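Novice: Pasting a structure here, questions to come.
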Amino acid sequence: MFDAILRFSVKKKLFVGLTTLFLLIGGIYSMLTLPIDAVPDITNNQVQIVTVSPTLAPQEVEQLITMPVEIAMSNIMNVTEIRSVSRFGLSVVTVVFKESVLTLDARQLVNEQIQSVAGEIPSELGMPEMMPITTGLGEIYQYVLKVEPGYEDKYDAMELRTIQDWIVKRQLSGIPGIVEINSFGGYLKQYEVAVDPDVLFSLNITIGEVFEALNKNNQNTGGSYIEKVNRAYYIRSEGMISRIKDVEQIVVANRNGIPIRISDIGTVRFGAPKRFGAMTMDGKGECVGGIAMMLKGAN
């Protein structure tokens with residue numbers, strides 16, 4: 001057989017030459033387009049549904065959130081496995097599809113079931129959401145924010161986290177192939193109102209009234225417009241909170257014609273939600289950074 005191959009190759013030089021040329025072109029094309037990765041991604045075809053509910057214990061998360069989501073997902077076609085994890089304040093349901101199902105089709109099917117099961121879960125307990133289209137090996141880039149020498153006192157952990165969330169994260173989110181930027185470290189900036197229970201009791205004000213006052217006094221309102229000669233003047237009321245002083249001036253109740261403001265019943269300050277971890281680097285203490293997640297199948 002080897003002799004026959006040699007005789008064929010000698011007689012058909014043009015065919016052998018063209019075949020070799022096509023193989024060479026195909027090899028070069030594959031070399032230029034083949035994704036290169038240190039570790040092959042063998043993650044199966046799955047979609048994860050995450051629900052955050054900070055007030056629920058694991059037993060309540062399993063009963064009120066995880067079970068309804070699992071039951072809804074069991075009605076989807078081409079599903080091979082459904083597994084879940086219920087922890088304090090967190091529910092994660094993983095739906096594994098057959099490999100023949102396209103990623104976007106799988107997410108569409110899951111999204112339809114999420115819309116139907118969302119009505120069974122009280123809104124105050126959390127809203128089920130799908131995780132981004134990435135895998136466990138999608139962490140392709142990690143970075144930290146550093147302050148130039150001499151300016152360390154001007155940027156604390158909360159300020160760096162704000163820069164990360166509102167500047168750096170938004171700039172990186174537009175890169176092709178990046179599906180999400182996760183922030184780590186620092187303190188998430190928020191406004192806190194530390195009320196005095198004794199003052200509330202003496203003024204006969206409930207904590208619910210404080211919540212309602214804060215909610216109603218933090219929004220802009222648009223009106224109609226006024227025509228005058230050849231111009232139209234649009235009416236707009238600005239009520240968005242932008243500083244601590246704005247929170248302090250919010251009126252909670254009225255007692256004998258005297259307005260009771262937030263500053264009268266408590267202290268307004270910057271704070272951060274409770275953390276369950278921190279980000280450190282090189283043993284030099286806490287830092288602020290992020291992780292870029294790659295789109296599944298991207299190069």
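Only the coordinates and a few stated rules stand behind these numbers; no lab work does. Since we're looking at a predicted model, the values are computed, not measured. Ideal geometry is used to build each Cβ from the backbone, glycine not excepted, and the neighbour counts take in all protein chains shown.
Novice: Can you grab the distance from the C-alpha centre of the stretch 261-299 to the C-alpha centre of the stretch 53-84, Å, no decimals?
Specialist: 28
Novice: While we're on this one: Taking amide H positions as placed 1.01 Å from N in the peptide plane, with prolines and chain starts having none, which residues 5 or more places from Ala253, or on another chain, fall under 5 Å of its amide H?
Specialist: Residues meeting the amide H criterion: Ile260.
Novice: When the dipole is taken about the Cα centre of the stretch 128-256, and only Lys, Arg (+1) and Asp, Glu (-1) are charged at their Cβ, what size is it in debye, to the nearest 20?
Specialist: Charge dipole, the stretch 128-256, about its Cα centre: 620 debye, nearest 20.
Novice: Find the relative contact order for the chain and round it to a whole percent, using C-alpha pairs within less than 8 Å whose residues are 6+ positions apart.
Specialist: In percent, rounded to a whole number, it is 19.
Novice: Only helical DSSP H runs with n ≥ 4 go in: add -39500 (n - 2.57) per run for the chain, normalise by residue count and round the 222 nm mean residue ellipticity to 500 deg cm²/dmol.
Specialist: Helix contribution divided over all residues of the chain: -8500 deg cm²/dmol.
Novice: Here's another thing I want to ask about it. Report, in debye and to the nearest 20, how large the dipole of the stretch 248-299 comes out about its Cα centre when Lys and Arg carry +1 and Asp and Glu carry -1 on their Cβ.
Specialist: For the stretch 248-299, the charge dipole is close to 140 debye.
Novice: Please state the charge dipole magnitude for the stretch 46-130, taken about the Cα centre, from unit charges on C-beta atoms (+1 on K and R, -1 on D and E), reported in debye and rounded to the nearest 20.
Specialist: Dipole about the Cα centre, nearest 20: 160 debye.
Novice: What distance in nm separates the two pseudo spin-label positions at Lys216 and Tyr233, each 7 Å out from Cα along the beta-carbon direction?
Specialist: About 2.8 nm, to one decimal.
Novice: Okay, next question. Determine the shape class of the stretch 144-299: with a ≥ b ≥ c the square roots of the Cα gyration tensor eigenvalues, call it rounded for a/c under 1.5, and otherwise prolate if a/b is greater than b/c, oblate otherwise.
Specialist: Oblate is the answer for the stretch 144-299, as a/c is 1.5 or above yet b/c matches or exceeds a/b.
Novice: Putting +1 on Lys and Arg Cβ atoms and -1 on Asp and Glu Cβ atoms, find which of Ala232, Gln190, Ser202 reaches farthest to the positive end of the dipole of the stretch 190-271.
Specialist: Going by the Cα projections, it comes out as Ala232.
Novice: Given axes a ≥ b ≥ c from the Cα gyration tensor, I'd like to know whether the stretch 46-130 is rounded (a/c under 1.5), prolate (a/b larger than b/c) or oblate.
Specialist: Here the stretch 46-130 falls in the prolate category.
Novice: Sort Met240, Met67, Met127 so that the residue with the fewest other Cβ atoms within 10 Å of its own Cβ comes first and the one with the most comes last.
Specialist: Met240, Met127, Met67
Novice: Need one number: nm distance between label points at Ser183 and Thr162, each 7 Å from Cα along Cα→Cβ, rounded to one decimal.
Specialist: 1.1
Novice: How far apart, in nm, are the 7 Å Cα→Cβ label points at Arg269 and Glu120?
Specialist: The answer from the label model is 4.4 nm.
Novice: May I pose another question? To test your reading of the geometry: what angle, between 0 and 90 degrees and rounded to tens, separates the Cα axis of helix 2-11 from the longest principal axis of the chain?
Specialist: Relative to the chain, helix 2-11 is tipped by roughly 90 degrees.
Novice: What does the extension gain come out to for Val144 and Ile82, with contour length at 0.36 nm per residue minus their alpha carbon separation?
Specialist: Length gained between Val144 and Ile82: 18.7 nm.
Novice: Something else now. Rounding to the nearest 10 and keeping the result within 0 to 90°, find how far the Cα-based axis of helix 103-117 lies from the longest principal axis of the chain.
Specialist: It is inclined by approximately 30 degrees.
Novice: Now, a different point. Please tell me which of these pairs span more than 22 angstrom C-alpha to C-alpha: Lys146/Lys169; Lys154/Lys274; Lys245/Lys274; Lys169/Lys216; Lys154/Lys284; Lys169/Lys189?
Specialist: Lys154/Lys274; Lys245/Lys274; Lys169/Lys216
Novice: If a/c stays under 1.5 just call it rounded; otherwise compare a/b with b/c (prolate if a/b is bigger, oblate if not). Do that for the stretch 63-196, with a ≥ b ≥ c from the square roots of the Cα gyration tensor eigenvalues.
Specialist: Oblate.
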